[in-house]
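Here the structure comes first, spelled out in structure tokens, and everything after it is commentary.
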Amino acid sequence: MLVYLFFAVGLGLLLLGGEWLVRGAVGLAKSLHIPPLIIGLTIVAFGTSAPELIVSLRAALGGNGGLSLGNVVGSNIANVLLVLGLPALLSPIICHGVGMRTNVSILVLATVLFMFMVSFGSLTRLDGIILVGVLIAFLVFQFFQARSQKEMQKQIAAAEEIDSAPQNLLVTAAFLVAGFVALPVAAELTVQSAVTIAEIWEVPDHIIGLTIVAIGTSLPELATAIMAARAKSTSVLLGSLIGSNFFNLAAILGITAIVVPIPASDHILDFDIWVMAGATLLLVLLATMRLTIGKVLGAAMFGSFLLYLVATVSL
């Protein structure tokens, strides 16, 4: 039973470490008078993906590439079906916003590129370099887009809560140190306990990555979505999830693959990436048709996620 406690503690530290790192980095950037737009597009975006990145790097370096890839693929599925579906049961999710269609198109391109790369059985260092190149191009594009659109700047600032960053340099430094210390410790606890759980239940590590690790690292997005639904302020949710899924593919897998190539299991190639593609297609429909996710569609999405979990464990 101790291993499950370690896993829970690891996930908790991941969430806290990511939050501390973001607050510290944003506070430091503001003290250096870096524009809020740059903070939103770079520091916060990378910081909120730090838990997934640290877990993926630790798993890949430890020879558990299946857990690394499963974490990202599973998180992208959970971000759509779980993070959008469950809060919609509380309040309708509004699917429109500035630049939504452009950003979802970029996510589709990244998804197709990833699926093509991984179809050869692994993500190589060259694949990682290409994915990071796509990420850099996206950030440059977003910067020029946002600089010319005041409304988008307001959305970024509101979505990322930049003003909540600490103003005191000592507090800022404390957040940074706490984040940098907590994340590697949390990754070690999470990965090691996840691998042990996989061995206890005699399942491959990628299954653990696709399920409990993926859900665990998606908890911040789910918590934010539920709070936004309760406050009936959901207009930026879809945009933030589109960005999160893009960063998972381009930044997390890209950086991890540069450090160490990531093998792909048959399960992920034959089943999970196609579920991820279907979830991405759903995002396209929601964004381009500007639909509102009500209780019926939300229940269908949440139910689909539960069915996916059952199918993943059964196959």
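Key figures
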item: In the stretch 55-98, the residues that are crowded, with 24+ Cβ neighbours inside 10 Å and among the hydroxyl-bearing types (S, T, Y); result: S56, S68, S75
item: Selection from the stretch 100-149 of residues that are within 26 Å of L238 (Cα to Cα) and among the hydroxyl-bearing types (S, T, Y); result: T102, S105, T111, S148
item: Residue within the stretch 242-258 that is over 20 Å from V132 (Cβ atoms) and touching a residue at least 24 places away in the same chain (Cβ under 8 Å) present; result: no
item: Which listed residue, of L281, L307, L291, L315, is closer than 22 Å to M100 by Cα and either crowded, with 18+ Cβ neighbours inside 10 Å or over 18 Å from the mean Cα position of the chain (by Cα) (or both); result: L291
item: Among the candidates G216, G179, residue that is among the small types (G, A, S) and either touching a Phe, Trp or Tyr at 6+ places or on another chain (Cβ under 7 Å) or modelled with pLDDT of 85 or more (or both); result: G179
item: Test for G17: is it outside any loop (DSSP other than H, G, I, E, B), farther than 25 Å from T211 by Cβ and at pLDDT below 85; result: no
item: Any hit, the stretch 219-241, residues being β-branched (V, I, T) and under 24 Å from V112 (Cβ atoms); result: no
item: Long-range neighbours under 7 Å by Cβ, at least six apart or interchain, first residue in contact (Cβ under 8 Å) with a residue 24 or more places away in the chain within the stretch 174-189, second part of a helix (DSSP H, G or I) and among the aromatic types (F, W, Y); result: F175/W20; A178/W20; G179/W20; A182/W20; L189/F6
item: Odd one out for M276 among (1) more than 27 Å from G18 (Cα to Cα); (2) part of a helix (DSSP H, G or I); result: (1)
item: Residue within the stretch 196-213 that is buried (at least 22 other Cβ atoms within 10 Å of the Cβ), of a type in the set (D, E, K, R) and either more than 26 Å from G17 (Cβ to Cβ) or under 13 Å from the mean Cα position of the chain (by Cα) (or both) present; result: no
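The values are calculated or read from the model by the stated rules, or taken from the named source; none is laboratory data. Computed from a predicted model, the values in this text were never measured in an experiment. Positions of Cβ are generated from backbone atoms using ideal geometry, with glycine treated the same way; all protein chains shown enter the neighbour counts.
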